[in-house]
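The next block holds one structure in the form of structure tokens; read it before the comments.
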Amino acid sequence: MQKKYLTVVLCCALSLLSLKSWSQTYCEGGAIDNQWMWVEGVTSMPFGHISGRHHNNYGDQDHLYIGYAEYTSQVIEWQEGVNHLELIPGKMDHPAMEAYPLYWRVWIDLNQDGQFSDAERLYTNSGFETVTAEVDLSDLIGDDELLTRMRIRGGFDDHTEPCVPMLSGETEDYTVRVVPSTVSTLRVPQEYLSIQAAIDAAVPGDRVLVDDGIYPESLVVYKALTVESVNGPESSIISGSTALNTIEVTASDVTIRGFGVENLAPDSEADVFYAAGADNGQVINTKCAETEVDGVPDVAVRITGANQIRVSGLECDARGLQGIYAEQITGGEFTDNQISHQAEFGIYINNAQDVVIRSNQIRANDDAGIYVVESNNGIIQANISSDHQINVSSTGIHLWLSEDFEVVDNQTIDNGYSGIWISNSNRVKVTSNIVSGTSYALYLNAGYYNEVTDNQSNQNWMGLFVTGTDYSLIADNDLNQNDYGMNIRYTRNNVFINNLVTENQVMLFLGFAERNEFIGNDFQGLEGADFPDCAFRLHDAEFNYFSRNHFDFAGGEVCINDASRAIWRGKDPVNYQYQGQNLTSYLGNFYIDGNHSDQNGDGLADADHPWPGQDAFDEYPLVTSKDQYLIQ
């Protein structure tokens, strides 16, 4: 069966009674438990349904198991051929769950007998993130439309059956209507000697199906078509040499699938180019071919002014300029691509809105793996960006002059300059990323109202480097085994809370900074550190507050110059509970080598703790770790 993509249309106000009817009794087959894993949502554009975890109970009159939901009043409209189904997983937010993928199964009752047979299981896969199922219904229905039930199961079990309860997971049933295709397929070279000849002969909505071979053509796709190969990019190669772009798309609703593409023109620009207005297109399972080395680096997929373009399954290891270049776009989606050895960037996005960059593997490009500039409202998620080393600014992920982005669950490893660099950008959330083997691991430069939380930054030169950034939150990060744990310069009004800063040569450098708050952080030095800088340094830093931090300098030198003025307590008194007592006071910090005498039992040491500098004391030092003080 050959795969194709057909746009589906949801008829939102359709009465099932007016269609060819089916009435069967189906098994449920839910789960023993759905607290750990569940089906969060199902989409098949334009259809979308976010259900979340289904909370039915054992023994109720309607359901046999937890984790079964019947949504058959909702109709997914498909056509004969390949249809796309996006499956969104739900998992408990617990560290133990990070090791377990969701296993997915999809059945359609094609013969309408009320059962789901092995032959009717049309999709099987697993994944940690959202997966896109290609459900191929070619030659599976007759001349009439089919209205029947679809079953979707997602959960812990990797061999789940449609009617057997899972250990943990969820089953959701929907109605699917499949109508016969009216699309014509034009074969190359059986019917047309060239791909362009088939394009010229096709009408909008048709499919051009290309058999194996090398096609020395430069194509222009100027009508809504699917152009795809029979056996994928290793077998069907388009090698253009006469135009700036090997494949130029000027119409909406064009899908390019399954080709190796190269551009041998002396002034080449792109392998695949979507021009302004060529909206709602797709580039799927395409490879940068290299049958002949021409020495002209170009872009694998270039998009200018075309909205809602999806690029997925692009594989680029051949030397080029950029893997994906997109500018002046809205709603682009770039997922599951593998891009390496480009002269500049793996993925470059400029002047974009509502973009998704997810689950890409970007490696060994000269400049940045992922570079986003002057863009708003997007997500950069679950990418691996590594080994970018050539240029002085080689970075795993670089966000510049942008706003309202989420950078979450990425890994950046062994990059020359920075792991994640957020510069001149506002309201960016950097969450749950892993950064190692670089100079500036988590780098915030010149922005406002950003959040950096729950990241791991280990074995870098600087675990966290913040400069020129104001009114931001840095919380719950693990900064471990770096030369500098925190290097904070030229900042104001930021809050650093509950960060773990351990085994770094330098715990904190705070310079030319004012009115920041450091609350509840663990500063633990490196025993026997041999480093030219002080283990803890304040330089020209004024009116910064330190409260409820844990300080263990491990013999390292503490350096505070005369121009620095720190307040070694919180801004205001707090109500707290200590050993069963309800108390109110300022709270200072806990010092592993401090005086822990506490005769009145209020949790505060009897003597002030001295700091280097003029009249520098912590007047409210804690006698034990911060966890023993319950803030009310």
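The values are calculated or read from the model by the stated rules, or taken from the named source; none is laboratory data. Keep in mind the model is a prediction, meaning the values are calculated, not measured. Here the Cβ positions follow ideal geometry from the backbone for every residue, glycine too, while neighbour counts run over all protein chains shown. These accessible areas exclude ligands, DNA and RNA; they are computed on the full protein's heavy atoms, side chains included. Shrake-Rupley method; radii C 1.70, N 1.55, O 1.52, S 1.80 Å.
Accessible area per residue (1.4 Å probe, heavy atoms of protein chains only) ranks Cys163, Cys316 as Cys163, Cys316, with the largest value leading.
Stretched out straight at 0.36 nm per residue, the stretch from Gln579 to Ala99 would grow longer than its current Cα-Cα span by 169.0 nm. For region 252-408, the normalised intensity computed at q = 0.13, 0.19 Å⁻¹ comes to -0.51, -1.15 (log10 of I(q)/I(0), Debye sum over alpha carbons, equal scatterers, no solvent). Full extension of the segment from Gln628 to Glu527, taken as 0.36 nm per residue of separation minus the current Cα-Cα distance, would add 33.8 nm. Rounded to 0.05, the FRET efficiency of the Gln353 and Thr304 pair, given R0 = 22 Å and the Cβ-Cβ distance, is 0.90. Counting lysine pairs in the chain whose alpha carbons fall under 25 angstrom apart, excluding pairs fewer than 8 residues apart on the same chain, gives 7.
What is the diffusion coefficient of the chain in µm²/s, taking the Kirkwood radius over Cα pairs and the Stokes-Einstein relation at 4 °C with a viscosity of 1.567 mPa s?
The diffusion coefficient I find is 47 µm²/s.
For Phe512 and Glu406, the FRET efficiency from 1/(1 + (r/R0)^6), where r spans their Cβ atoms and R0 equals 30 Å, is about 0.50.
Counted residue by residue at 0.36 nm each, then reduced by the alpha carbon distance between them, the extension gain from Glu619 to Glu145 reaches 162.7 nm. Put +1 on the Cβ of every Lys and Arg and -1 on every Asp and Glu Cβ in region 304-392; which of Asn350, Asn365, Gly331 then has its Cα farthest towards the positive end of the dipole? In region 304-392, that residue is Gly331.
Think of a 1.4 Å ball rolled over the protein heavy atoms: the chain then has 41 Å² of accessible area per residue.
Please report, as a whole percent, how much of the solvent-accessible surface of the chain comes from carbon and sulfur atoms (probe radius 1.4 Å). Answer for the chain: carbon and sulfur cover 46 percent of the accessible area. Each label was represented as a point 7 Å from its Cα along the Cα-to-Cβ direction; for Lys223 and Asp414 these points are 5.1 nm apart.
Rounded to the nearest 20 debye, the dipole magnitude of region 63-106 is 160 debye, with +1 charges on Lys and Arg beta carbons, -1 on Asp and Glu beta carbons, and the Cα centre as origin.
Extending 7 Å from Cα along the Cβ direction at Asn231 and again at Ser194 yields two label points whose distance is 2.4 nm. For the pair Asn111 and Gln35, a Förster radius of 35 Å applied to the C-beta separation gives a FRET efficiency near 0.50, rounded to the nearest 0.05. Under a Cβ-only charge scheme (Lys and Arg +1, Asp and Glu -1), can you give me the dipole magnitude of the chain about the Cα centre, in debye to the nearest 20? For this selection, approximately 820 debye.
Residues of region 123-142 with the amide nitrogen closer than 14 Å to a label point 7 Å from the Cα of Met45, along Cα-to-Cβ, please. Only 132-133 fall inside the zone, counting backbone N under 14 Å.
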